[in-house]
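The values are calculated or read from the model by the stated rules, or taken from the named source; none is laboratory data. Here the structure is a predicted model, which means the values were calculated and not measured. Virtual Cβ from ideal backbone geometry, glycine too; neighbours counted across all protein chains shown.
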Amino acid sequence: MITDPAHAEASGNLARELDAAAASDRRSEAVELFLTRVVQMPPPVVAQMKSQAMWKGLERIAHTLAYDVRITARGPARSEQLRAIAVPTLVIAGAASPAWMRDAAQSLARAIPNGKHRTLEGQTHNVDPKALAQAMDVYLRE
């Protein structure tokens, strides 16, 4: 979720770029654009990913990437709805994730009445399942 209004507004242009790339069958380009600009993966890492079998799967879903950008950009408009969440909620972010993702996690936790925030050191957006399980175990024991 994008919580910064300026970042959310800029996402509209990116969504249009993603739509155009996918519509003109430049699916690999769309995936690369999404991973470098949205997820903020370093271009050399994305280049390495292209040689892996998973890349073809990412290309198959390239037409959905603009939806992801548009949905996450609705964060500022949806923040009031977070107050309706009645269950205790743990929002987790990886310390090595992009700043906007970490900021969004903190904002979410603050907006949810029973929200708590945890940062997992050494983790990115792609959190190691063991680190996630450990954080959940600690939270549930509290």
Only one of (1) surrounded by fewer than 17 Cβ atoms within 10 Å (Cβ to Cβ); (2) more than 14 Å from the chain's Cα centre (by Cα); (3) outside any helix (DSSP H, G or I); (4) outside the structural domain of A23 (by TED's automatic domain parsing) does not apply to R78, and that is (3)
If I go through segment 90-134 residue by residue, how many of them are surrounded by 14 or more Cβ atoms within 10 Å (Cβ to Cβ), free of Cβ contacts under 8 Å to residues at least 24 places away in the same chain and of a type in the set (A, V, I, L, M, F, W, C)? 3
What are the residues in segment 1-25 that are touching a Phe, Trp or Tyr at 6+ places or on another chain (Cβ under 7 Å) and outside any loop (DSSP other than H, G, I, E, B), if any? H7, L18
Being in contact with a strand residue (DSSP E or B) (Cβ under 7 Å, 6 or more places away or on another chain) and of a type in the set (G, A, S) is the filter; apply it to segment 83-109 and report the residue that is nearest to D4 (Cα to Cα). A105
Restricting to segment 26-68, and then to whatever is at pLDDT 95 or above, in a helix (DSSP H, G or I) and of a type in the set (K, R), can you tell me which residue is surrounded by the most Cβ atoms within 10 Å (Cβ to Cβ)? R27
Might you let me know whether segment 110-119 holds any residue that is outside any helix (DSSP H, G or I) and farther than 21 Å from D4 by Cα? yes
With the structure loaded, tell me whether R27 is closer than 20 Å to D103 by Cα and of a type in the set (K, R) or whether it fails that test. no
